[in-house]
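Undergrad: Sharing a structure here in structure tokens format.
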Amino acid sequence: MNIREEFEKREKGFISPFGCTSAESKGRMRPEDPCPIRTAFQVDRDRIVYSNAFRRLKYKTQVFLIPLGDQYRTRLTHTLEVAEIARTIARAMRLNEDLAEAVALAHDLGHTPFGHGGETILQKIYSSDFSHKGQSLRVVDVLENNGLGLNLTFEVRDGIAKHSKGYGKILPDDPEERAATIEGNVVRVADIMAYLNHDLDDAIRSGVVTFDQVPSSCINILGRTHSERANTMIKDLVYSTHVCGGELILQMSDDIYNSMTELRHFLYENVYRSPKVHNEFVKAQKILSELYDYFLDNEDMLQKKLMEIGLSEYNNHQSSKERVVCDFIASMTDRFALTLYEKIFFPSPQF
């Protein structure tokens, strides 16, 4: 028995019957020999962390475009906070921490530059079906590893595809919206727990809102500080979750769930849609739109720039030019997009 097999045996003795053990994985799209040391989900986690797309998250917007302050969250720090919350919940519920962590680390790999503003403009200029969750799946299936993808397990891929809720319910009623594993659904909730707390934190720090503007009911029920609110949300989910009909049902108490929903509404109305944030997104959308049009008409430059960000060798001849340009735009970091736009569209001094 090798190290991986010993670990899989320990999982069966520790993980709840509702969790997904590594040995029970439905496998990968392309069969491969298992690692003698790491379980399947541990392998997935490592492949995600070592990917180009993961490294680029550090220069992608969470809410505030290219923030100058070092304390503001980026897409990478958001991802790490989601992973930490997901692992905490998974550990408390005796679920598979490695699976939860892998899904969390990969859930935003396909996110566009300039946050959801970038996602919105690609929906307009490329396809109304474009979504960052779909692009995240495309990253791990197609774009990474010179077109071979990361060949992740079904469970991690499913969690990526089901993590996003838009402005929908935190805990969906529709089974089609839920991940196939409890761990995948935990990440969905951990994602919103993370951004409710850190987006509020950053919004207050930036002066977009003041602490006094936050609904008093949210403060009284969830807590005054980031750590208080996170602890309240996590404990409530852990203690409210129950078994019904042989199935583990993720649930929160009415008070906490309603307060989270109210805080979410507050952030949408006062932060994400505030003039200070929205006006910058409008500028960013113009940049991405013009870059998209430019690269549709400049094949040689497109191939050169794809090489710069590690996408030159993925099998793009099987995709339309529009699809390739969309992949390129979505893969950009904020600063890469701004620098490229300036180089292409700004005049250069001649003397």
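Undergrad: With r as the distance between the Cβ atoms of Lys124 and Thr225 and R0 = 41 Å, compute the FRET efficiency 1/(1 + (r/R0)^6) and round to 0.05.
TA: Efficiency computed from Cβ-Cβ geometry: 0.60.
Undergrad: Out of segment 28-97, which GluC sites (Glu not before Pro) are coil in DSSP terms and have no more than 15 other C-beta atoms within 10 Å?
TA: Those satisfying the criteria are Glu32.
Undergrad: Mind checking the dipole of the chain: about its Cα centre, +1 per Lys or Arg Cβ, -1 per Asp or Glu Cβ, Debye to the nearest 20?
TA: Dipole about the Cα centre, nearest 20: 400 debye.
Undergrad: What does the accessible area per residue of the chain come to in Å², with a 1.4 Å probe and no ligands, DNA or RNA counted?
TA: 47 Å²
Undergrad: If you don't mind, another one. Roughly how many percent of the accessible protein surface of segment 127-266 is carbon and sulfur, given a 1.4 Å probe and a whole-percent answer?
TA: Roughly 49 percent, rounded to a whole number.
Undergrad: Work out from phi, with θ = phi - 60° and the Karplus expression 6.51 cos²θ - 1.76 cosθ + 1.60, the ³J(HN,Hα) of each residue of segment 226-232, listed in order in whole Hz, and give x for Gly and Pro.
TA: Values, residue by residue: 4, 5, 5, 5, 4, 4, 4 Hz.
Undergrad: How high is the FRET efficiency between Glu6 and Phe154 when r is their beta carbon distance and R₀ equals 22 Å, given to the nearest 0.05?
TA: 0.40
Undergrad: Which ³J(HN,Hα) values in Hz, rounded to whole numbers, follow from the phi angles of segment 73-83 under the Karplus curve 6.51 cos²θ - 1.76 cosθ + 1.60, where θ = phi - 60° and Gly and Pro get x?
TA: 6, 10, 5, 6, 5, 4, 4, 5, 5, 4, 4
Undergrad: Related question: Using only Cα atoms, locate the centre of segment 76-122 and the centre of segment 127-144, then give the distance between them in Å, rounded to an integer.
TA: Result: 15 Å between the Cα centres.
Undergrad: Taking θ as phi - 60°, what are the ³J(HN,Hα) couplings along segment 47-62 by the Karplus curve (6.51, -1.76, 1.60), each to the nearest whole Hz, with x for Gly and Pro?
TA: Ordered by residue, 3J(HN,Hα) equals 4, 5, 5, 8, 7, 4, 4, 5, 5, 5, 4, 5, 10, 10, 5, 8 Hz.
Undergrad: Rounded to the nearest 20 Debye, what is the dipole magnitude of segment 77-173 about its Cα centre when Lys and Arg each give +1 and Asp and Glu each give -1 at the C-beta?
TA: 220 debye
Undergrad: Related question: Show the residues, 5+ positions off or on another chain, whose built amide H is closer than 5 Å to the amide H of Leu250.
TA: none
Undergrad: Quick one: which of Lys304/Lys343; Lys58/Lys124; Lys169/Lys235; Lys58/Lys169; Lys162/Lys286 span more than 22 angstrom between C-alpha atoms?
TA: Check vs 22 Å cut-off fails for Lys58/Lys124; Lys58/Lys169; Lys162/Lys286.
Undergrad: Give me the three principal axis extents of the chain from the C-alpha atoms, as integers in angstrom, largest value leading.
TA: Dimensions of the chain along the principal axes of its Cα atoms: 71, 56, 34 Å.
Undergrad: Quick check on segment 139-274: take the gyration tensor over C-alpha atoms, sort the square-rooted eigenvalues as a ≥ b ≥ c, and tell me if it's rounded (a/c under 1.5), prolate or oblate.
TA: Oblate is the answer for segment 139-274, as a/c is 1.5 or above yet b/c matches or exceeds a/b.
Undergrad: Let's test this: bin the Cα-Cα distances of segment 251-311 at 5 Å from zero up to the farthest pair and state each bin's percent.
TA: 4, 14, 12, 12, 10, 9, 10, 10, 8, 6, 3, 0
Undergrad: Starting from the amide H of Gly149, placed 1.01 Å from N in the peptide plane, find each other amide H under 5 Å away whose residue is 5 or more places distant or on another chain.
TA: Amide H neighbours of Gly149: Glu144.
Undergrad: Sequence gap at least 6, Cα distance under 8 Å: using those rules, report the relative contact order of the chain to the nearest whole percent.
TA: RCO, the chain: 20 percent.
The values are calculated or read from the model by the stated rules, or taken from the named source; none is laboratory data. Keep in mind that what you see is a predicted model, and the values were worked out from it rather than measured. So basically every Cβ, Gly included, is an ideal-geometry build from the backbone, and we count neighbours across all protein chains shown. Heavy atoms of the whole protein, side chains included, go into the accessibility calculation; ligands, DNA and RNA do not. Shrake-Rupley method; radii C 1.70, N 1.55, O 1.52, S 1.80 Å.
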